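Working notes, beginning with the structure itself.
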Amino acid sequence: MATAATAQLVALGGVPLVRAGDDLAALLLQAMSDSGLEIADGDIFVIAQKIFSKSEGRVVRLSTVAPSERAEAVARVVRKDPRVVELVLREASEIVRQQADLLVVEHRLGFVTAHAGIDMSNIEHQDDDDSVLLLPADPDGSCDRLRATLEQRTGLRAGVIMNDSHGRAFRNGVVGVAIGVSGIGALTDMRGRPDLFGRILRATEVAVADELAGAASLMMGQADEGRPIVLARGFPLAAREASAKELYRPKHMDAFR
């Protein structure tokens, strides 16, 4: 008979609005303190993509964007601002689907998503000029740098997941997924392990980073909650060097493109 298992998710309080150049490690450690917590060896931090992007200055003012002829043509189909479409095309390697109110692309980072992950929500706008937020240039690298700084300042081992909200082709609603990973495996290979009846698993791989990202999204919220950092503690994930690229299905294995 299986024994009980417990783990903990805590959405940290006290995280301020992040600006370009902010020290995310310092903000995280202060938020831990403000939440009455101390970092422990093996803690995993699931962090909203937006605060990485803001700290890295990935905000673009639309008044600075000149749409190309291609962007203008695509914008007419998808009924979007041509300037936003121009930015999507710059971030994308391929258009996967375009129709009214929807532009799905393969991002240059390797995953398929709507509008290249470009977002206008929870961004401060200046001088009545709309701004948008791009994804970080290197999400895995961003996670690596934050983890290294945390470990240097605390002497403790940590894991970091960058979380973003993605839609899915065959289900309604968005879910949190991992677009950057450091310090833990993004994918756990269960092949070769027996099930309850001794049958050997032959195809099971678990997207553990996505599962943690999805669970953390429930704590973060999607609107004005202001909780972009979630502590995940007690999850039995092995520490190792990894990348979110483990999660991206190569195009030649994609049964729907």
- Query: In terms of Cα to Cα distance under 12 Å, which aspartates and glutamates are near enough to Lys80, apart from those fewer than 8 places away along the same chain?
  - Reply: Glu72, Asp101
- Three-way shape label, the stretch 8-143, alpha-carbon gyration tensor, a/c 1.5: prolate
- Computed Rg/Rh of the stretch 59-133, alpha carbon atoms with Kirkwood Rh: 0.96
- Item | Kirkwood-Stokes translational diffusion coefficient of the stretch 138-257, alpha-carbon pairs, 10 °C, 1.306 mPa s, µm²/s | 100
- Between the alpha carbon centres of the stretch 139-190 and the stretch 205-257 the gap in Å comes to 6
- May I ask you to list the lysines whose Cα is less than 20 Å away from that of Lys245, ignoring any residue fewer than eight positions away on the same chain? Lys50
- Distance (nanometres) between label positions extended 7 Å along Cα→Cβ at Phe256 and Met120: 2.6
- Once you charge only the Cβ atoms, +1 for Lys and Arg and -1 for Asp and Glu, what is the size of the charge dipole of the chain about its Cα centre, to the nearest 20 debye? 900
- Item | Column: log10 I(q)/I(0), Debye, Cα scatterers of the chain, q = 0.14 Å⁻¹ | -1.00
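Each value in this text was obtained by applying a stated rule to the coordinates, not by laboratory testing. Everything numeric in this text was worked out from a predicted model, so none of it was measured. Every residue, glycine as well, gets a Cβ built from its backbone with ideal geometry; the counts of neighbours run over all protein chains shown.
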